[in-house]
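Visitor: Before I ask anything, here is the structure I am working with.
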Amino acid sequence: MNNFLKTLIILTLLSSSMSWAKPNIVILATGGTIAASGESSTSSAYSSGVATVDELINAVPAINKIANIQGEQISNIGSQAINDKIWLKLANRVNTLLKKDSVDGVVITHGTDTLESTAYFLNLTVRNNKPIVVVGAMRSGSSLSADGPLNIYNAVSVAINKNSFNKGVLVVMNDEIHSAREVAKMNTSLVNAFASPNTGRIGTVYYGKVNYYTQSTKRNTINSEFNIENITSLPRVDIIYAHAQDTDIFVKAAVNAGAKGIIHAGMGNGNIYPLTLKALAKASKNGVIIARTSRVGSGRTNLHEEVNDTKYGFIVTDNLNPQKARILLMLGLTKTNNKEKLQQMFFEY
Ligand code: GLU
(Lines give C-alpha, C1' and ligand atoms only; values in the text may rest on other atoms or scores of the structure.)
Protein backbone atom coordinates (compact mmCIF):
# COMPACT_ATOMS: atom_id res chain seq x y z
CA MET A 1 0.00 0.00 0.00
CA ASN A 2 1.49 3.37 -0.90
CA ASN A 3 1.89 6.19 1.61
CA PHE A 4 -0.93 8.26 0.16
CA LEU A 5 -3.41 5.41 0.63
CA LYS A 6 -2.16 4.75 4.16
CA THR A 7 -2.61 8.42 5.14
CA LEU A 8 -6.09 8.46 3.59
CA ILE A 9 -7.14 5.37 5.57
CA ILE A 10 -5.74 6.81 8.85
CA LEU A 11 -7.48 10.16 8.26
CA THR A 12 -10.79 8.45 7.45
CA LEU A 13 -10.55 6.29 10.59
CA LEU A 14 -9.64 9.31 12.73
CA SER A 15 -12.45 11.50 11.48
CA SER A 16 -15.06 8.76 11.86
CA SER A 17 -13.87 7.90 15.39
CA MET A 18 -14.02 11.62 16.25
CA SER A 19 -17.61 11.89 15.09
CA TRP A 20 -18.43 8.86 17.31
CA ALA A 21 -16.79 10.44 20.34
CA LYS A 22 -19.82 11.19 22.46
CA PRO A 23 -19.43 13.04 25.78
CA ASN A 24 -19.30 10.92 28.95
CA ILE A 25 -22.02 11.74 31.43
CA VAL A 26 -22.55 10.13 34.84
CA ILE A 27 -26.10 10.04 36.21
CA LEU A 28 -26.22 9.97 40.02
CA ALA A 29 -29.63 8.90 41.28
CA THR A 30 -30.91 9.89 44.72
CA GLY A 31 -34.65 9.01 44.54
CA GLY A 32 -37.78 11.15 44.33
CA THR A 33 -40.84 11.17 42.09
CA ILE A 34 -38.61 10.87 39.06
CA ALA A 35 -37.86 7.36 40.39
CA ALA A 36 -41.43 6.76 41.58
CA SER A 37 -44.12 4.34 40.64
CA GLY A 38 -47.81 5.12 41.11
CA GLU A 39 -50.90 3.04 41.88
CA SER A 40 -52.21 3.65 38.34
CA SER A 41 -51.61 5.99 35.40
CA THR A 42 -54.33 8.35 36.69
CA SER A 43 -53.52 8.28 40.40
CA SER A 44 -51.59 10.97 42.25
CA ALA A 45 -50.62 8.46 44.98
CA TYR A 46 -47.21 6.90 44.58
CA SER A 47 -44.09 5.75 46.39
CA SER A 48 -40.98 7.76 45.54
CA GLY A 49 -37.52 6.26 45.21
CA VAL A 50 -38.60 2.93 43.71
CA ALA A 51 -36.85 2.81 40.31
CA THR A 52 -33.10 2.21 40.30
CA VAL A 53 -30.65 4.30 38.33
CA ASP A 54 -30.45 1.59 35.64
CA GLU A 55 -34.23 1.56 35.28
CA LEU A 56 -34.22 5.35 34.97
CA ILE A 57 -31.57 5.21 32.24
CA ASN A 58 -33.37 2.39 30.39
CA ALA A 59 -36.58 4.41 30.41
CA VAL A 60 -34.94 7.10 28.24
CA PRO A 61 -33.03 5.25 25.47
CA ALA A 62 -32.61 8.51 23.52
CA ILE A 63 -29.92 9.71 25.97
CA ASN A 64 -27.60 6.94 24.76
CA LYS A 65 -27.62 8.51 21.31
CA ILE A 66 -26.23 11.81 22.59
CA ALA A 67 -23.88 10.66 25.38
CA ASN A 68 -22.09 7.67 26.88
CA ILE A 69 -24.11 7.20 30.04
CA GLN A 70 -23.01 5.61 33.29
CA GLY A 71 -25.25 5.38 36.34
CA GLU A 72 -24.62 5.33 40.08
CA GLN A 73 -27.06 5.05 42.96
CA ILE A 74 -26.29 7.50 45.78
CA SER A 75 -29.55 6.93 47.69
CA ASN A 76 -33.15 6.03 46.85
CA ILE A 77 -35.31 8.16 49.09
CA GLY A 78 -38.08 10.72 49.07
CA SER A 79 -36.06 13.92 49.24
CA GLN A 80 -37.87 15.01 52.42
CA ALA A 81 -35.48 12.48 54.06
CA ILE A 82 -32.31 14.18 52.79
CA ASN A 83 -29.64 15.05 55.37
CA ASP A 84 -26.08 16.32 55.62
CA LYS A 85 -24.63 12.79 55.33
CA ILE A 86 -26.19 12.37 51.86
CA TRP A 87 -25.23 15.92 50.83
CA LEU A 88 -21.60 15.30 51.80
CA LYS A 89 -21.51 11.88 50.10
CA LEU A 90 -23.03 13.34 46.93
CA ALA A 91 -20.80 16.42 46.81
CA ASN A 92 -17.65 14.36 47.42
CA ARG A 93 -18.64 11.93 44.68
CA VAL A 94 -19.37 14.72 42.19
CA ASN A 95 -16.00 16.31 43.01
CA THR A 96 -14.20 12.98 42.46
CA LEU A 97 -16.01 12.22 39.20
CA LEU A 98 -15.53 15.64 37.64
CA LYS A 99 -11.78 15.59 38.37
CA LYS A 100 -11.49 12.70 35.88
CA ASP A 101 -10.75 13.59 32.26
CA SER A 102 -13.06 10.74 31.30
CA VAL A 103 -16.13 12.48 32.80
CA ASP A 104 -17.56 15.48 30.95
CA GLY A 105 -20.48 16.29 33.23
CA VAL A 106 -22.91 14.91 35.80
CA VAL A 107 -26.68 14.74 36.07
CA ILE A 108 -28.26 14.21 39.49
CA THR A 109 -31.82 12.89 39.69
CA HIS A 110 -33.57 14.10 42.84
CA GLY A 111 -36.93 14.44 44.57
CA THR A 112 -38.40 17.88 44.11
CA ASP A 113 -39.14 18.67 47.78
CA THR A 114 -35.55 19.56 48.64
CA LEU A 115 -34.07 19.70 45.15
CA GLU A 116 -33.27 23.41 45.44
CA SER A 117 -31.37 22.83 48.71
CA THR A 118 -29.22 20.02 47.32
CA ALA A 119 -28.55 22.03 44.15
CA TYR A 120 -27.41 25.04 46.22
CA PHE A 121 -25.28 22.82 48.49
CA LEU A 122 -23.50 21.44 45.40
CA ASN A 123 -23.22 24.97 43.97
CA LEU A 124 -21.14 25.91 47.03
CA THR A 125 -19.13 22.69 47.51
CA VAL A 126 -18.24 21.26 44.09
CA ARG A 127 -14.99 22.81 42.86
CA ASN A 128 -15.31 22.28 39.13
CA ASN A 129 -16.54 24.25 36.13
CA LYS A 130 -17.91 21.24 34.21
CA PRO A 131 -21.70 20.99 33.84
CA ILE A 132 -23.58 19.80 36.94
CA VAL A 133 -27.32 19.42 36.36
CA VAL A 134 -29.95 18.52 38.96
CA VAL A 135 -33.27 17.21 37.64
CA GLY A 136 -36.55 15.96 39.08
CA ALA A 137 -40.10 15.26 38.03
CA MET A 138 -43.52 16.21 39.31
CA ARG A 139 -45.28 13.12 37.92
CA SER A 140 -44.27 9.52 38.60
CA GLY A 141 -42.99 7.25 35.84
CA SER A 142 -46.31 5.39 35.69
CA SER A 143 -48.43 8.56 35.35
CA LEU A 144 -50.12 9.73 32.16
CA SER A 145 -47.87 12.37 30.56
CA ALA A 146 -45.00 11.62 32.96
CA ASP A 147 -42.53 14.52 32.85
CA GLY A 148 -39.49 12.57 34.12
CA PRO A 149 -38.24 11.02 30.83
CA LEU A 150 -38.18 14.30 28.89
CA ASN A 151 -36.70 16.11 31.91
CA ILE A 152 -33.87 13.52 31.99
CA TYR A 153 -33.30 13.84 28.24
CA ASN A 154 -33.20 17.63 28.62
CA ALA A 155 -30.88 17.40 31.64
CA VAL A 156 -28.38 15.25 29.70
CA SER A 157 -28.68 17.67 26.76
CA VAL A 158 -27.78 20.55 29.09
CA ALA A 159 -24.91 18.53 30.63
CA ILE A 160 -23.31 17.93 27.19
CA ASN A 161 -23.75 21.51 26.00
CA LYS A 162 -20.51 23.54 25.84
CA ASN A 163 -22.34 26.65 27.07
CA SER A 164 -23.14 24.89 30.35
CA PHE A 165 -19.53 25.24 31.58
CA ASN A 166 -18.87 27.94 34.23
CA LYS A 167 -22.55 28.41 35.04
CA GLY A 168 -22.56 26.92 38.55
CA VAL A 169 -24.98 24.12 39.34
CA LEU A 170 -28.00 24.07 37.04
CA VAL A 171 -31.54 22.82 37.60
CA VAL A 172 -33.59 21.51 34.68
CA MET A 173 -37.37 21.14 35.05
CA ASN A 174 -40.25 21.60 32.62
CA ASP A 175 -38.09 22.78 29.67
CA GLU A 176 -36.44 25.48 31.79
CA ILE A 177 -32.87 25.92 33.02
CA HIS A 178 -32.44 27.60 36.40
CA SER A 179 -29.45 28.61 38.48
CA ALA A 180 -29.17 26.58 41.70
CA ARG A 181 -28.87 29.79 43.73
CA GLU A 182 -32.12 31.21 42.43
CA VAL A 183 -34.49 28.31 41.88
CA ALA A 184 -37.25 27.33 44.30
CA LYS A 185 -40.17 24.93 44.37
CA MET A 186 -43.13 27.32 44.22
CA ASN A 187 -46.04 24.93 43.82
CA THR A 188 -46.80 21.65 45.57
CA SER A 189 -48.06 19.66 42.61
CA LEU A 190 -48.11 21.40 39.20
CA VAL A 191 -45.64 20.46 36.45
CA ASN A 192 -44.39 24.06 36.35
CA ALA A 193 -43.61 23.96 40.08
CA PHE A 194 -40.11 25.46 39.77
CA ALA A 195 -39.26 29.12 39.27
CA SER A 196 -36.52 31.60 40.11
CA PRO A 197 -38.62 34.30 41.80
CA ASN A 198 -35.93 36.99 42.06
CA THR A 199 -34.21 36.65 38.70
CA GLY A 200 -36.14 34.32 36.38
CA ARG A 201 -34.85 31.25 34.53
CA ILE A 202 -31.43 31.51 32.91
CA GLY A 203 -32.29 29.47 29.83
CA THR A 204 -34.54 26.99 28.11
CA VAL A 205 -34.10 23.44 26.88
CA TYR A 206 -36.65 22.39 24.30
CA TYR A 207 -36.44 18.72 23.25
CA GLY A 208 -32.71 18.91 23.88
CA LYS A 209 -32.09 22.30 22.24
CA VAL A 210 -30.33 24.50 24.76
CA ASN A 211 -30.48 28.31 24.88
CA TYR A 212 -29.04 30.52 27.62
CA TYR A 213 -30.08 34.14 28.16
CA THR A 214 -28.43 35.14 31.45
CA GLN A 215 -26.53 33.68 34.41
CA SER A 216 -26.01 34.08 38.15
CA THR A 217 -23.46 36.67 39.25
CA LYS A 218 -22.95 35.07 42.68
CA ARG A 219 -19.86 33.08 43.73
CA ASN A 220 -20.13 29.35 43.10
CA THR A 221 -18.20 26.12 42.35
CA ILE A 222 -14.62 27.04 41.29
CA ASN A 223 -14.97 30.45 42.98
CA SER A 224 -16.31 29.04 46.23
CA GLU A 225 -14.19 28.95 49.40
CA PHE A 226 -15.99 25.98 50.98
CA ASN A 227 -14.18 22.67 51.16
CA ILE A 228 -16.07 19.66 52.50
CA GLU A 229 -13.41 17.00 51.82
CA ASN A 230 -12.60 16.48 55.49
CA ILE A 231 -16.00 17.28 56.98
CA THR A 232 -18.29 14.51 58.29
CA SER A 233 -21.20 16.61 59.56
CA LEU A 234 -22.41 20.20 59.38
CA PRO A 235 -23.02 22.60 62.30
CA ARG A 236 -26.58 22.68 63.59
CA VAL A 237 -28.65 25.52 62.11
CA ASP A 238 -32.42 25.67 62.74
CA ILE A 239 -35.09 27.60 60.86
CA ILE A 240 -37.79 29.37 62.88
CA TYR A 241 -40.90 30.50 61.00
CA ALA A 242 -42.46 33.77 62.17
CA HIS A 243 -46.17 34.47 62.52
CA ALA A 244 -48.63 36.84 64.18
CA GLN A 245 -48.69 36.44 67.98
CA ASP A 246 -45.43 34.49 67.79
CA THR A 247 -43.68 32.83 70.72
CA ASP A 248 -40.17 32.50 72.15
CA ILE A 249 -40.36 28.75 72.79
CA PHE A 250 -38.82 27.65 69.49
CA VAL A 251 -35.83 29.97 69.90
CA LYS A 252 -35.24 28.60 73.40
CA ALA A 253 -35.63 25.02 72.14
CA ALA A 254 -33.14 25.60 69.31
CA VAL A 255 -30.59 27.11 71.69
CA ASN A 256 -31.07 24.25 74.18
CA ALA A 257 -30.59 21.75 71.35
CA GLY A 258 -27.20 23.31 70.63
CA ALA A 259 -27.95 25.35 67.52
CA LYS A 260 -24.90 27.29 66.32
CA GLY A 261 -27.11 29.38 64.08
CA ILE A 262 -30.79 30.27 63.68
CA ILE A 263 -32.42 31.34 60.43
CA HIS A 264 -35.40 33.49 61.33
CA ALA A 265 -37.97 33.32 58.50
CA GLY A 266 -39.43 36.69 59.32
CA MET A 267 -42.56 38.55 58.35
CA GLY A 268 -42.18 40.95 55.40
CA ASN A 269 -38.66 42.35 55.27
CA GLY A 270 -37.49 39.90 57.95
CA ASN A 271 -39.49 41.36 60.83
CA ILE A 272 -39.80 39.70 64.22
CA TYR A 273 -42.55 39.49 66.85
CA PRO A 274 -41.44 41.37 70.04
CA LEU A 275 -41.36 38.31 72.32
CA THR A 276 -39.39 36.31 69.73
CA LEU A 277 -37.03 39.29 69.23
CA LYS A 278 -36.17 39.25 72.93
CA ALA A 279 -35.25 35.55 72.78
CA LEU A 280 -33.24 35.99 69.56
CA ALA A 281 -31.35 38.97 71.03
CA LYS A 282 -30.41 36.85 74.06
CA ALA A 283 -29.31 33.93 71.87
CA SER A 284 -27.22 36.31 69.76
CA LYS A 285 -25.55 37.73 72.88
CA ASN A 286 -24.67 34.16 73.88
CA GLY A 287 -22.91 33.53 70.57
CA VAL A 288 -25.60 31.94 68.38
CA ILE A 289 -25.55 33.45 64.88
CA ILE A 290 -28.98 34.93 64.13
CA ALA A 291 -29.64 35.46 60.42
CA ARG A 292 -32.77 37.32 59.37
CA THR A 293 -34.54 36.13 56.24
CA SER A 294 -38.12 36.37 55.01
CA ARG A 295 -41.03 33.99 54.70
CA VAL A 296 -42.39 36.05 51.75
CA GLY A 297 -40.72 33.96 49.01
CA SER A 298 -38.94 36.69 47.09
CA GLY A 299 -37.08 39.94 47.70
CA ARG A 300 -34.19 41.03 49.82
CA THR A 301 -34.05 41.17 53.61
CA ASN A 302 -32.28 44.46 54.28
CA LEU A 303 -29.95 45.43 57.11
CA HIS A 304 -30.96 48.14 59.60
CA GLU A 305 -34.49 48.91 58.47
CA GLU A 306 -37.20 48.09 61.02
CA VAL A 307 -34.76 45.90 62.98
CA ASN A 308 -31.66 47.40 64.59
CA ASP A 309 -29.24 44.69 63.48
CA THR A 310 -26.19 46.40 64.99
CA LYS A 311 -27.81 46.58 68.43
CA TYR A 312 -28.86 42.92 68.41
CA GLY A 313 -25.85 41.54 66.51
CA PHE A 314 -27.99 40.02 63.74
CA ILE A 315 -26.99 39.42 60.13
CA VAL A 316 -29.21 39.33 57.00
CA THR A 317 -29.37 36.83 54.15
CA ASP A 318 -29.71 39.02 51.02
CA ASN A 319 -32.50 37.44 48.92
CA LEU A 320 -31.88 33.78 49.79
CA ASN A 321 -34.95 31.90 50.95
CA PRO A 322 -34.78 30.39 54.46
CA GLN A 323 -33.82 26.87 53.34
CA LYS A 324 -30.95 28.17 51.20
CA ALA A 325 -29.85 30.64 53.86
CA ARG A 326 -29.59 27.64 56.23
CA ILE A 327 -27.20 25.89 53.84
CA LEU A 328 -24.96 28.92 53.44
CA LEU A 329 -24.89 29.51 57.21
CA MET A 330 -24.02 25.84 57.91
CA LEU A 331 -21.14 26.01 55.43
CA GLY A 332 -20.10 29.47 56.64
CA LEU A 333 -19.92 28.17 60.22
CA THR A 334 -17.47 25.47 59.09
CA LYS A 335 -15.06 28.35 58.37
CA THR A 336 -15.76 31.08 60.93
CA ASN A 337 -17.96 32.38 63.76
CA ASN A 338 -17.13 35.97 62.88
CA LYS A 339 -20.35 37.87 62.16
CA GLU A 340 -18.80 40.35 59.73
CA LYS A 341 -17.29 37.52 57.69
CA LEU A 342 -20.55 35.56 57.71
CA GLN A 343 -22.45 38.68 56.66
CA GLN A 344 -20.02 39.17 53.77
CA MET A 345 -20.65 35.57 52.64
CA PHE A 346 -24.38 36.31 52.42
CA PHE A 347 -23.63 39.23 50.11
CA GLU A 348 -21.23 37.21 47.92
CA TYR A 349 -22.87 33.78 47.52
N1 GLU B 1 -41.57 13.96 48.31
C2 GLU B 1 -40.83 13.25 47.31
C3 GLU B 1 -39.45 13.83 47.10
O4 GLU B 1 -39.22 15.02 47.21
C5 GLU B 1 -41.55 13.20 46.01
C6 GLU B 1 -41.81 14.55 45.40
C7 GLU B 1 -41.12 14.76 44.09
O8 GLU B 1 -40.05 14.26 43.82
O9 GLU B 1 -41.72 15.49 43.29
O10 GLU B 1 -38.58 13.06 46.79
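Visitor: Which of the residues spanning the stretch 271-292 are in contact with a His (Cβ under 7 Å, 6 or more places away or on another chain) and either in a loop (DSSP other than H, G, I, E, B) or of a type in the set (Val, Ile, Thr) (or both)?
Guide: Ile272, Ile290, listed by residue number.
Visitor: Does Ile57 qualify as being within 16 Å of the ligand (Cβ to nearest atom) and among the β-branched types (Val, Ile, Thr)?
Guide: Criteria not met by Ile57.
Visitor: Among all residue pairs at least 6 apart or on different chains, which show Cβ distances below 6 Å where the first residue, located in the stretch 297-322, is under 18 Å from Asn337 (Cα atoms) and in a loop (DSSP other than H, G, I, E, B) and the second is modelled with pLDDT of 95 or more and not β-branched (Val, Ile, Thr)?
Guide: That search, which allows pairs on different chains as well, returns Gly313/Ser284; Phe314/Arg292; Thr317/Ala291; Thr317/Ala325; Thr317/Phe346.
Visitor: Another question, if that's okay. For the stretch 215-232, what are the residues that are within 18 Å of the chain's Cα centre (by Cα) and open to solvent by 50 Å² or more (accessible area, probe 1.4 Å)?
Guide: Correct list: Gln215, Thr217, Arg219, Ile222, Asn223, Glu225, Asn227.
Visitor: Shifting gears a bit: Does Thr118 qualify as being at pLDDT 95 or above, within 23 Å of Ala137 (Cα to Cα) and either outside any helix (DSSP H, G or I) or open to solvent by 20 Å² or more (accessible area, probe 1.4 Å) (or both)?
Guide: Judged against the criteria, Thr118 is not a match.
Residues are listed down the side, and each one gets a yes or a no for (1) within 15 Å of Val107 (Cβ to Cβ); (2) open to solvent by 70 Å² or more (accessible area, probe 1.4 Å); (3) modelled with pLDDT of 60 or more; (4) not in a loop (DSSP other than H, G, I, E, B):
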position: Leu11; (1), (2), (3), (4): no, yes, no, yes
position: Leu14; (1), (2), (3), (4): no, yes, no, yes
position: Ser17; (1), (2), (3), (4): no, no, no, yes
position: Thr42; (1), (2), (3), (4): no, yes, yes, no
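Visitor: Further, regarding this structure: If you check Ala137, Ala45, which single one turns out to be free of Cβ contacts under 8 Å to residues at least 24 places away in the same chain, of a type in the set (A, V, I, L, M) and within 13 Å of the ligand (Cβ to nearest atom)?
Guide: Ala45
Visitor: Can you tell me which residue within the stretch 233-259, out of those that are assigned to a loop (DSSP other than H, G, I, E, B) and under 23 Å from the mean Cα position of the chain (by Cα), is surrounded by the most Cβ atoms within 10 Å (Cβ to Cβ)?
Guide: Top of the filtered list is Leu234.
Visitor: Looking at the stretch 64-71, can you tell me whether even one residue there is touching a residue at least 24 places away in the same chain (Cβ under 8 Å), within 16 Å of the ligand (Cβ to nearest atom) and surrounded by 14 or more Cβ atoms within 10 Å (Cβ to Cβ)?
Guide: Within the stretch 64-71, none of the residues are touching a residue at least 24 places away in the same chain (Cβ under 8 Å), within 16 Å of the ligand (Cβ to nearest atom) and surrounded by 14 or more Cβ atoms within 10 Å (Cβ to Cβ).
Visitor: Does Pro149 meet the test of being open to solvent by 30 Å² or more (accessible area, probe 1.4 Å) and more than 14 Å from the ligand (Cβ to nearest atom)?
Guide: yes
Visitor: Still on this structure: Against the conditions (1) out of contact with any Phe, Trp or Tyr (no Cβ under 7 Å at 6 or more places or on another chain); (2) surrounded by fewer than 19 Cβ atoms within 10 Å (Cβ to Cβ), where does Ile160 fall short? Just the number, please.
Guide: (2)
Visitor: Within the stretch 75-84, identify whether any single residue is open to solvent by 10 Å² or more (accessible area, probe 1.4 Å) and under 18 Å from Ala193 (Cα atoms), and answer yes or no.
Guide: yes
The values are calculated or read from the model by the stated rules, or taken from the named source; none is laboratory data. Note that this is a predicted model, so its numbers are computed, not measured. With ideal geometry, Cβ positions are generated from the backbone for all residues, glycine too; neighbour counts draw on all protein chains shown. We work out accessible area using only protein heavy atoms, side chains counted, and drop any ligands, DNA or RNA first. Shrake-Rupley method; radii C 1.70, N 1.55, O 1.52, S 1.80 Å.
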